[in-house]
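All remarks here apply to the structure that follows.
Read the figures in this text as sums done on the coordinates, not as results from a lab. Just so we're clear, the structure is a prediction, and the values are computed from it rather than from any experiment. Using ideal geometry, Cβ is built from the backbone for each residue, glycine included, and neighbour counts are taken over all protein chains shown.
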Amino acid sequence: MAAKAAKKKTARDVETKYTVRQTIAKLRRLADCLERKKPFRIQIAGERVCIPPETNFTVEHERKEKNEEVEFQFKWANV
């Protein structure tokens, strides 16, 4: 049987809001995965995303007039 071709991933830029309780649960799960060197799986706006344990982690801070933003970012190559 021939191997299935990988689905082409389209560009996307979405933002999803979570409650404090949901955020705490996701951060705890994320920390557990990182500590165990396991992939972290999360569904964002209907799409499943798997963050590999060897990902690059950065924190970004942005300030504009009356607003500030902090982003925790994970970057990895799609294989």
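Within the range 64-79, the set of residues being of a type in the set (S, T, N, Q) and surrounded by fewer than 10 Cβ atoms within 10 Å (Cβ to Cβ) comprises Asn67, Asn78. Scanning the range 48-63 for residues that are closer than 20 Å to Lys17 by Cβ and surrounded by 11 or more Cβ atoms within 10 Å (Cβ to Cβ) yields Val49, Ile51.
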